Amino acid sequence: MRNKPIDIATTCRPARSNGLTLIELLVAITVLAFVAVLGWRGLDSIIRTRIALTNDLEQTRGIQLAFAQLQSDCAHLATPDILPNRTPLIVEQERLKLVRIVFAENQPSRLQIVTYQIRNGVLTRHETPETRDLRELDRLWQNTPDNTDAAGEVVLQSDVATMSMRLWVNGGTAWRTGSEIAQMTGALPGQAIQPPSLTGLEVSMQLREHHTALLKIFLLGAV
């Protein structure tokens, strides 16, 4: 029997391993790290965007609730026959004060002073006790220009940058600021003047870190 010739080149060739070399392993780790960084940045961006949208929705909801409350107050604004020679509403710098009619079941209607104002970026609503005595109402009106009493005060919205208001006078042709109708804004209940008949209120409110303001128009009194 002949011996089979031996291939020296094949015999001397080292056996190839089925695993990864060190260089291939380092390349794979580098690629995975790069993909992980990209994924983390994308996830972080999604989370930040979601938080910002949630905050915007909460702020918008707060403003809508504040506007809904103001609309209810404006719809129940006291009429001239109830407040003779008295103004039922004044607007000033970031402050609104009005007299509203309060209705209760099986009880006579009463009057109440409501104040909206901004202090330190916080919009609050304050209401006085209800009364049927005009002299008591005059006293409450004069004692609430710079009210700081927490009783009867409710926080409506925080992070408010500015709030501006204008009024529409019955028979007018344009919106007017409080200074433009000084005879109304400077009047106090009890003064023997005839305030102008107001039919509309425009409120513009801008939140901090927002470039645009939210604007709403309210009709004054029952329509």
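The values are calculated or read from the model by the stated rules, or taken from the named source; none is laboratory data. Source: prediction; values computed, not measured. Glycine gets a Cβ as well: all are built from the backbone with ideal geometry, and neighbour counts include every protein chain shown.
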So, Val160, is that one surrounded by 12 or more Cβ atoms within 10 Å (Cβ to Cβ), hydrophobic (A, V, I, L, M, F, W, C), under 27 Å from His210 (Cα atoms) and under 21 Å from the mean Cα position of the chain (by Cα) or not?
yes
Taking the condition in contact with a Phe, Trp or Tyr (Cβ under 8 Å, 6 or more places away or on another chain), modelled with pLDDT of 85 or more and under 22 Å from Trp168 (Cα atoms), does Leu89 pass?
no
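To keep it simple, each residue is scored yes or no on (1) exposed (fewer than 15 other Cβ atoms within 10 Å of the Cβ); (2) over 19 Å from Leu201 (Cβ atoms).
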{"position": "Ala75", "(1), (2)": "no, no"}
{"position": "Gln93", "(1), (2)": "yes, no"}
{"position": "Lys97", "(1), (2)": "no, no"}
{"position": "Glu105", "(1), (2)": "yes, yes"}
{"position": "Val122", "(1), (2)": "yes, yes"}
{"position": "Glu127", "(1), (2)": "no, no"}
{"position": "Leu156", "(1), (2)": "no, no"}
Within the range 177-188, is there a residue that is out of contact with any helix residue (DSSP H, G or I) (no Cβ under 6 Å at 6 or more places or on another chain), farther than 16 Å from Val91 by Cβ and either modelled with pLDDT of 85 or more or loosely packed, with under 14 Cβ neighbours inside 10 Å (or both)?
no
Any pair with Cβ under 9 angstrom, 6 or more apart, that starts in the range 152-165 at a residue that is touching a residue at least 24 places away in the same chain (Cβ under 8 Å) and on the phi < 0 side of the Ramachandran plot and ends at one that is assigned to a strand (DSSP E or B) and basic (Lys, Arg):
Glu153/Arg125; Val154/Arg125; Val155/Arg125; Leu156/Arg125; Met163/Arg95; Met165/Arg95
Can you tell me which residue in the range 82-117 is farthest from Phe218 (Cα to Cα), limited to those that are assigned to a strand (DSSP E or B) and hydroxyl-bearing (Ser, Thr, Tyr)?
Ser109
Out of everything in the range 13-29 that is assigned to a loop (DSSP other than H, G, I, E, B) and either touching a Leu at 6+ places or on another chain (Cβ under 6 Å) or at pLDDT 65 or above (or both), what residue ends up being surrounded by the most Cβ atoms within 10 Å (Cβ to Cβ)?
Leu20
